[in-house]
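Contents: one structure, followed by commentary.
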Amino acid sequence: MSMATELVLVERFVQSYPAEAGRVLERFSADRAARFLEQLTEKNAARLLTRMGPNAGAAALHALDADRAQRLVTELAPHAAAELLRHGTPELQKTLLDAMEPSRARAIQKLLHYPPETAGALADPLVLALPDDLSVAEAQRQLSRTPHGLLYYIYVVDRQHRLVGVVDMRELFLASRKEALSAVMHRQLTALEDWVSTAGIAVHPGWADYDALPVVDVHGTFVGAIKYRALRQRLTDTAGDRTRAAAFVTALFNMGELYWVGLSTVITAFAAPGRGSGKARRPTSQGDADG
């Protein structure tokens, strides 16, 4: 089998079963894991980092070239990047955060203050929140300039950054452009407290009505928002990947195939000393890795 064919197989396996691939990779030294990550697309390498054990993932990130490490962290959602960096050294955190776009670095630094598995740590701080004293016309212009971080819901804050309302996208674009945002927003809010655990988030009654919930601190300051899809993925990723991969592997073994063993061997080979220098040509697909 050619090296190019092996790499295609590995990329497909990592994309389909990142948890299984992560469990293989975290058995290796940080240097060997880094050599393997160098061979993958940035999207798949970032995905794999989040599926390794947190300490192993952070160690592999530290062993990577600084520029490559920074690009991989940029691929991650802020909460996933914060979770990874939380297990890294202060030097690694500073190096990567200093190289980031300032607003993203500030968002990740804020998340680093929260314990893992809390609403504050899982919230996306880059979700758009607009001041309540904007006009509807100004709010619409802000949306057109900020394509990233948009949800169906637009959260509204006062000038002290406290969450005071919410308006959905449809309502905003049907409202009179001269109205103040405060006049068209809904003031009755369903929000999560920042220190609520993952278990508490999952059973919150607000999910019956909304597919995203805002997160606030004890002062009512807007921290970010959690999308139900991201929460569900968070809760089911490990168990789901294990179940699907186990069924997949079992089926292949029942057919007399040694697919999993073969791919484990390929992964090991790609992480072996001298196999990759980080200069191998990689597929060009790009995209944001999920967190």
| field | region 84-172 - charge dipole about Cα centre, Lys and Arg +1 at Cβ, Asp and Glu -1, debye rounded to 20 | value | 180 debye
| query | To the nearest 10 square angstrom, what accessible area does Arg187 show with a 1.4 Å probe? | reply | 150 Å²
| query | Considering every pair of different Cα atoms, what Kirkwood radius, in Å, is found for region 5-152? | reply | 16.5 Å
| message | Counting heavy atoms of the protein chains only and a 1.4 Å probe, report the per residue accessible area for region 78-158 as a whole number of Å². | response | 44 Å²
| note | Amide H neighbours of Leu151 at under 5 Å, excluding residues fewer than 5 places away on the same chain, with H built from the backbone geometry, are Leu128
| task | At 7 Å along the Cα-to-beta-carbon direction for both Arg177 and Leu9, put a label point, then send me their distance in nm to one decimal. | result | 6.0 nm
| How would you order 41-48, 90-97 from highest to lowest mean count of nearby Cβ atoms within 10 Å? | 41-48, 90-97
| note | Taking a ≥ b ≥ c as the square roots of the eigenvalues of the Cα gyration tensor, with a/c under 1.5 meaning rounded and otherwise prolate when a/b exceeds b/c and oblate if not, region 107-223 is prolate
| query | Check Ile226: other-chain or 5+ apart residues with amide H under 5 Å from its amide H, H built from backbone geometry? | reply | Asp124, Leu213, Val215
| request: Would you tally the net charge around Tyr152, using a Cβ to Cβ cut-off of less than 11 Å, leaving Tyr152 out, and scoring K and R as +1, D and E as -1? | output: -1
| Can you put Ser176, Ser182 in order of accessible area, largest first, using a 1.4 Å probe? | Ser176, Ser182
| Per-residue HN-Hα couplings for region 45-50, Karplus 6.51 cos²θ - 1.76 cosθ + 1.60 at θ = phi - 60°, whole Hz, x for Gly and Pro? | 5, 5, 4, 5, 4, 6
| Relative contact order computed over region 1-146 (Cα-Cα under 8 Å; 6+ residues apart), in percent | 17 percent
| Tell me which aspartates and glutamates have Cα within less than 12 Å of Lys43's Cα, excluding those fewer than 8 residues away on the same chain? | Glu11, Glu75, Asp288, Asp290
| task | Search the structure for amide H atoms under 5 Å from the amide H of Ser135, placed 1.01 Å from N in the peptide plane, and list their residues when 5 or more places away or on another chain. | result | Leu181
| note | The correct pair for region 47-107, radius of gyration to one decimal and Dmax as a whole number, both in Å and from Cα atoms, is 10.1, 28
| request: Distance between Cα centroids, region 27-78 to region 83-109: provide it in whole Å. | output: 14 Å
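The values are calculated or read from the model by the stated rules, or taken from the named source; none is laboratory data. Predicted model, so just to flag it, every value in this text is computed and none were measured. Ideal geometry is used to build each Cβ from the backbone, glycine not excepted, and the neighbour counts take in all protein chains shown. What goes into the accessible areas is simple: the full protein's heavy atoms, side chains included, and nothing from ligands, DNA or RNA. Shrake-Rupley method; radii C 1.70, N 1.55, O 1.52, S 1.80 Å.
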